[in-house]
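Each remark here refers to the structure printed beneath this line.
A short reminder: the numbers here are calculations on the coordinates, not readings from a lab. From a predicted model like this one, the values you see are computed outputs, not experimental measurements. Here Cβ is always computed from backbone atoms with ideal geometry, including for glycine, and neighbour counts include all displayed protein chains.
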Amino acid sequence: MDRAVNVAAPGQAFKVPPAVFALLRTAERSIPVLILLAAWEAVTRAGMVQLFLLPPLSQVLVRFYADTIDGTIPHHIIETSVTALSGYFLAAAAGVIIGAAMAISRPIRYMVEPLVSLAFPIPKISFMPIFILWFGLDTLPKVLMVAFNCVIPITSATYLGARSIDKYILWSARSLGTQPGRLFWKIVMPAAAPQVISGLQIALPQALIIGIVTEMLTGGDGLGSYMIRAVRFSDSETAFAGILAMLVTGLVYMQIATVIRRRVLRWHAEAAAG
Amino acid sequence: MSVISNIMPAGRRLRVEAACLLAVGALFAASVAPVKGEPTKIRIGYDTIPLHIVPVIFRMPELQKHNGKEYALEFFRFKGSPLQVQALAANEVDIAALAFSTFATSITTAKLPIKGIADLAQDGPWYSQAFAVKKDSPITKVEDLKGKTLAINAFGGATDMAARVMMVKHGLTPDKDVRIIEASFGAMPAMVRSGKVDVASFPAPVWSVHSKAGDLRTLFRQSDALGDQQFLLYAAKDEFIKKNRKALVAFYEDYLRGLKAVVDPKNRQKVLETISKVAGSPVKNFEDWALLEGKDYYHSPDGKINVKALQSNIKSLKDLGLLKQTLEVVPHIDHSLLDEAAKRL
């Protein structure tokens, strides 16, 4: 859509191209972050904190750049992404199926709902030692731990989405002779899609966080391992470069999720609302 | 309008308010300032007992003259020495138990203004940490570790470094050829026996108990990698040493007296009972090895760091590319506390 934006006072109207407006808006929203980063650099340069506890931002950026150019950070990002996304997609498949099954089947709801309620508040990462015991120290326990963490929010979102459909739509479809299977795929799932996708979006950063934490606990490669080793070798700059890499990865994940949401729900009222 | 302003003239009210503020300030200052004559608090990091013998010595009040008078101790347990570097930097401990490797990185990488002030334990002269596999494991030499998993207690610590040195010496690249993971020493026997890891490191307390079953086999020792090592040493910030010299000398006077007493055979039963209490493990787990020559780690009787071994250990790590920078250790060692303490005995 090619919409120009009027940003001037009445009587002095001029049009700003949308791209420029978006750039200005991003710049405006970045001001608090830039102030924080400037304060970080100033505080460390002034010697107000020990450099081991908080190295200057400029040095962290230099390390981040060097480790990115030599392929270290990209390698660890790929390792973490493989772990996090494998677990995430496993959880997405299981969570959507279980949530939908709970919505349409009373016996399944009876069996699964208490388990989901019980599992929701538990800090699931505390199961990691058990997962190591059962599945060893390779990639499998990490992937399963990510899946275990992500499946609950996805299941809940799918269940709530599928249950909250306007009953008049269902009645109308049934009265027109729609079969149960078709009803589920053509009515229930599309109507529940915004909530299902919300659940998937909530679970995505969790997948990244849990993936990194499991790497910190079990070794191997990945951002978690990259950071924990740096900390153990008193190398704060590398540890902070790892945080930066995590931040960049998380932002990319969230941006991709937002784009997918827009595309999948382009038919939905929320897309029309902008 | 408040009640006070109604009943008191403005000038007098200001004086009363100022007096109240001063009183509150004085109370606050009194609450945070150390009381005159109060012993200096010394916070010490430790890990496996009785490798870290200091918490044992200071659980035996009859061995101490100055504890509770000139200084008061507080012990904090850590898993491995690398975490103690962070605690030292954040002023969460005053004396940290550092490995030769973390001592080097805390000065060269973390730029901490610290000094090594005393020996804690040496690996090699008596016991040397074992890296063991299952007895029936196909791993018979270091080269066989390619593609296998090895467990250490903390990345960057002495045990990790010894394992890495051994790998490099045998043509393996740590982390690429061999997966290295962190685990607690207590969990390692079970991890090896269940096949979760192929090889693990066993400090004396764990090895003495678990080697008896006969199902574990030593692949190599830490001393095979690095010779005699200044395995662990005590380090403190320069500023802390300067400010609390008197208390530290008193502490080391008690330490040297205690160290002599705990290795004295006539105190053995009492010492074993104390070790058992501090470690939370039965006496039988310690009686045939703890503090015995050749079976436990060596503790220097004069409390001094083996500077030659320490320098050699750090040089080996640098030569093999496991440390970015080397360190000339002599300027970073301060034995003056021990010298003064020894004179007072």
* Can you give the angle from 0 to 90° between the axis of helix B:245-262 and the longest principal axis of chain B, with both taken from C-alpha atoms, to the nearest 10? -> 40 degrees
* Just need log10 I(q)/I(0) for segment B:61-196 at q = 0.13, 0.16, 0.19, 0.22 Å⁻¹, Debye formula, equal scatterers on the alpha-carbon atoms, no solvent, rounded to two decimals. => -0.70, -0.96, -1.19, -1.40
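In units of 2.2 N^0.38 Å, what is the alpha-carbon radius of gyration of segment A:176-255?
Normalised by 2.2 N^0.38 Å, the Cα Rg of segment A:176-255 equals 1.73.
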* **Distribution of pairwise C-alpha distances over chain B, 20 Å bins, in %** => 28, 49, 14, 7, 1
* Asked: Between B:227, B:116, B:195, which gets the highest mean-square fluctuation from a Gaussian network model of chain B, Cα cutoff 10 Å?
  -> B:195
* **Kirkwood Rh and Cα Rg combined as Rg over Rh, evaluated for the protein assembly as shown** => 1.08
* Asked: For chain A, what size does the Cα cloud have along each of its three principal axes, sorted from largest down, in whole Å?
  -> 74, 72, 30
* Asked: When Lys and Arg each count +1 and Asp and Glu each count -1, what net charge do the other residues less than 14 Å away from residue A:214, Cβ to Cβ, add up to?
  -> -3
* **Value of relative contact order over segment A:61-272, rounded to a whole percent, pairs C-alpha under 8 Å and six or more apart** => 29 percent
* Under 21 Å from the Cα of residue A:124, which lysines turn up, not counting those fewer than eight places away in the same chain? -> A:142
* Just check segment A:33-98 against the gyration tensor rule for me: Cα atoms, a ≥ b ≥ c as the square roots of the eigenvalues, rounded for a/c under 1.5, and otherwise prolate or oblate depending on whether a/b exceeds b/c. => prolate
* Asked: Quick one: which of B:260/B:284; B:41/B:315; B:169/B:260; B:79/B:115; B:169/B:196; B:277/B:318 span more than 32 angstrom between C-alpha atoms?
  -> B:41/B:315; B:169/B:260; B:277/B:318
* Asked: Of all DSSP beta bridges in chain B, what percent run antiparallel (nearest 5)?
  -> 55 percent
* To do: Arrange the following residues from fewest to most other Cβ atoms within 10 Å of their Cβ: A:115, B:291.
  => A:115, B:291
* Asked: Applying the Karplus parametrisation 6.51 cos²θ - 1.76 cosθ + 1.60 with θ = phi - 60° to the phi angles of segment A:40-52, what ³J(HN,Hα) value in whole Hz is obtained for each residue in order, glycine and proline being reported as x?
  -> 4, 4, 5, 4, 6, 5, 7, x, 7, 9, 5, 5, 5
* Asked: Can you list the aspartates and glutamates whose alpha carbon sits under 17 Å from that of residue B:148, skipping same-chain ones fewer than 8 residues off?
  -> A:138, A:221, B:136, B:160, B:175, B:177, B:182, B:198
* **Diffusion constant of segment B:204-315 at 10 °C, which comes from Stokes-Einstein with the Kirkwood Cα-pair radius and 1.306 mPa s, µm²/s** => 95 µm²/s
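Run the helix sum for the protein assembly as shown: -39,500 (n - 2.57) per DSSP H stretch of 4+ residues, divided by residue count, reported at 222 nm to the nearest 500 deg cm²/dmol. Intermediate results must be reported in sequence, preceding the final value.
On the way: 26 runs with 344 residues, N = 619.
That comes out to -17500 deg cm²/dmol.
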* For the residues A:189, A:102, A:254, what sequence is obtained by ranking on other C-beta atoms within 10 Å, fewest first? -> A:254, A:189, A:102
* **Among A:179, A:201, A:59, residue whose mean-square fluctuation peaks in a GNM of chain A (springs only between Cα atoms under 10 Å)** => A:179
* Asked: Residue-wise, which Karplus ³J(HN,Hα) couplings in Hz belong to segment A:146-151, taking 6.51 cos²θ - 1.76 cosθ + 1.60, θ = phi - 60°, and x for glycine or proline?
  -> 4, 4, 4, 6, 8, 5
* Structure fact -> Here the alpha-carbon Rg of segment B:130-226 over 2.2 N^0.38 Å rounds to 0.95
* **Mean projected area in nm² (Cα convex hull; one quarter of hull surface) for segment A:124-274** => 11.7 nm²
* Asked: So what does log10 I(q)/I(0) come out to for segment B:39-127 at q = 0.16, 0.20, 0.21 Å⁻¹, using the Debye formula with one equal point on every Cα and no solvent?
  -> -0.69, -1.02, -1.09
* Asked: Once Rh is set to the Kirkwood radius over Cα pairs, what Stokes-Einstein translational diffusion coefficient, in µm²/s, holds for segment A:1-145 at a temperature of 37 °C and a viscosity of 0.692 mPa s?
  -> 153 µm²/s
* Check residue B:220: other-chain or 5+ apart residues with amide H under 5 Å from its amide H, H built from backbone geometry? -> B:131
* Which of B:148, B:176, B:315 moves the most in a Gaussian network model of chain B with Cα springs under 10 Å? -> B:176
